[in-house]
1. If I filter the range 164-191 down to residues being of a type in the set (K, R) and part of a loop (DSSP other than H, G, I, E, B), which single residue comes out as nearest to Y139 (Cα to Cα)?
2. Within the range 64-78, can you find the residues that are closer than 13 Å to V97 by Cβ and not acidic (D, E)?
3. Could you tell me how many of the residues in the range 77-121 are charged (D, E, K, R) and in contact with a Cys (Cβ under 9 Å, 6 or more places away or on another chain)?
4. Inspect the range 129-152 for any residue being in a helix (DSSP H, G or I) and over 15 Å from the mean Cα position of the chain (by Cα) and give the result as yes or no.
5. Test P194 against the criterion of being crowded, with 24+ Cβ neighbours inside 10 Å, touching a strand residue (DSSP E or B) at 6+ places or on another chain (Cβ under 7 Å) and in a loop (DSSP other than H, G, I, E, B), and give yes or no.
6. Being farther than 29 Å from M150 by Cα and at pLDDT below 95 narrows it down to one of A101, A70, A64, so name that one.
7. Yes or no: the range 172-183 includes at least one residue that is buried (at least 20 other Cβ atoms within 10 Å of the Cβ), within 23 Å of D220 (Cβ to Cβ) and small (G, A, S).
8. If you go through the range 174-212 one residue at a time, how many are aromatic (F, W, Y) and within 20 Å of A98 (Cβ to Cβ)?
Amino acid sequence: MMFKLWNIVDSQGMDVLGYFQPFFSKNQQKPAPRKEGLPMTIAPNTAAAALKKLFDRQAEQAIALSGDEAGIKALYPLLERIGKVTEGAGRIPFVIVAQGANLTLSMRMEKVVLDGKTGASYLADNRVTDLDDIPQGHYLAIDVEDGRAMRNTKPSVALAQFKRAKRFGGTVNEGISTVTYEPEILLHHYVDLPGSLYDGDRVPCLGVVDGPELFADWSDDANPSFGSLSCGSRLTLGG
């Protein structure tokens, strides 16, 4: 299996590549300052091992959420289909997104743990819609950018830029999955999820007050503390 070389630092610095209301205003909160980690280069002869380590670490948590060990592990061969991704801070080669009709937003957020505090959702599942056709089964979101590159940009503007770049706005499930594996993202910035809508016109967001929170913002504001998550593609078995 051939892999591309990435420079990625996880939430523990490993070289492997709060109460919000649903109508929270972005102007009310700012994330705490974060000291950036320093990425280190993965030697070519260890790149495959590093990606496997990244997959295994994500898979462990995806299995804990979904209860589907075989289904999650079956995604591993999809790594062979990953094309070019962009290196740099805030970039993750792939994110495992566990799917299942029984997986509620609250269940997903309970797997997000930051500074010992468990996440919570303040959104009703049946009021969230995705803008794109999303795989029904487990899949990989490829070439994920965690939103830091789109800080201080309106979600609507970010979404238009993603479309021009042939990228996709991150959905609620993709955003929760990303911060489940890398919760310290939320200490750097809060995350808009423009690939989904709440009540048809509000953008879901991830942030921190007493702990990690999923909420929706009524405004389409640019805020330096918020950035829109995106991915380059989505890979699923048989697709």
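The values are calculated or read from the model by the stated rules, or taken from the named source; none is laboratory data. None of the values given here were measured: they were computed from a predicted structure. Every residue, glycine among them, receives a Cβ derived from its backbone with ideal geometry; neighbour counts consider all protein chains shown.
1. R167
2. L65, S66, G71, I72, L75, L78
3. Residues meeting the conditions: 0.
4. no
5. So P194 fits the description; yes.
6. Step by step, each of A101, A70, A64 is checked, and only A101 is farther than 29 Å from M150 by Cα and at pLDDT below 95.
7. Within the range 172-183, one or more residues are buried (at least 20 other Cβ atoms within 10 Å of the Cβ), within 23 Å of D220 (Cβ to Cβ) and small (G, A, S).
8. The number of residues fulfilling the criteria is 1.
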